[in-house]
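See below for the structure under consideration.
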Amino acid sequence: MKRTPLLAGNWKMNGTLSEAVNLARDLFRQIGKPSGREVLVAPPFPVLTCVAAEILPAGYLLAGQNLHWEDSGAFTGEVSARMLVETGCSHVIIGHSERRQYFSETDASVAMKVGAALRANLIPIVCVGETLAERENGQTLGVIERQVRGALVNLTRSAFPSLVLAYEPVWAIGTGRVATPEQAQHVHEAIRRLVTALSDESSAAMCRILYGGSVKPDNVDDLMSQPDIDGALVGGASLKADDFARIVAFQS
Ligand code: PEP
């Protein structure tokens, strides 16, 4: 089954309004309109609307970096799924390891956020990944299984084909230490088996699984040559237009 590769840039808490608009313009200058692959950017909330104006006409996709599980209400500082949709988002990143680590997100809150995204027709990009200690203790697949099952516990079968999962080993995020293509493929294959068990073979064959963790121009080709790696979730390198353009132009 041929899945359209998805190259996603997570800008995290970087970029003032003018910087974000300049980056979006630079990206378009360098990437143009990609064919046969999808390009997505996830800027900070305050700049979503302005970045949308730059990138949606080019056919790129827009994502929020987080959302609240309620549709509205007294939740100071939070953002709802419908708010993201109105800015032009089609996707939302959920359960990034920085949110789990610094903002106490749990498998249960991730599951509620996935539910909120789907109610608003936003496609969730659900992040999972083990810490270095968990990998060294041989717990990688157990941790991944717990996180995937926890996040998708309430998913109906029809939601699986468009779902995006991102395998992001915590020890590889922002460290310059990338998983080898074989290490990543091993986990991606396990995730796809798990998604098959939770849905069915054809849904699992359509679901995209991104790799994230120090993806750079010089390692993207090898990663993308693996059969179960369907794209990349890129942090640091997505802030440099020429690096991200090279990642989008991966060869495998
Ligand atoms: C990320 O934060 O999702 C990420 C993968 O970051 P980096 O590419 O900088 O490791």
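The values are calculated or read from the model by the stated rules, or taken from the named source; none is laboratory data. From a predicted model like this one, the values you see are computed outputs, not experimental measurements. Cβ sites come from the backbone with ideal geometry, for glycine too, and all protein chains shown count toward neighbours.
Key figures
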| quantity | calculated |
| --- | --- |
| Residue match in region 102-119 (condition: within 30 Å of Thr156 (Cα to Cα), of a type in the set (D, E, K, R), within 16 Å of the ligand (Cβ to nearest atom) and without any contact (Cβ under 8 Å) to a residue 40 or more places away in the chain) | yes |
| Filtered residues of region 156-189 (kept if within 16 Å of Ile123 (Cβ to Cβ) and touching a helix residue (DSSP H, G or I) at 6+ places or on another chain (Cβ under 7 Å)) | Arg157, Ala159, Phe160, Pro161, Leu165 |
| Among (1) more than 13 Å from the ligand (Cβ to nearest atom); (2) in contact with a strand residue (DSSP E or B) (Cβ under 8 Å, 6 or more places away or on another chain); (3) more than 24 Å from Glu70 (Cβ to Cβ) - the single one Arg157 does not satisfy | (2) |
| Qualifying position, being closer than 22 Å to Val41 by Cβ and either at pLDDT below 95 or in contact with a Leu (Cβ under 8 Å, 6 or more places away or on another chain) (or both), among Gly64, Gly95 | Gly64 |
| Listing of helices (runs of 4 or more DSSP H) fully contained in region 162-252 that carry 2 or more residues being within 15 Å of the ligand (Cβ to nearest atom) | 181-198, 220-224, 241-248 |
| Subset tally (residues that are touching a residue at least 12 places away in the same chain (Cβ under 8 Å) and either hydrophobic (A, V, I, L, M, F, W, C) or outside any loop (DSSP other than H, G, I, E, B) (or both)) for region 62-76 | 5 |
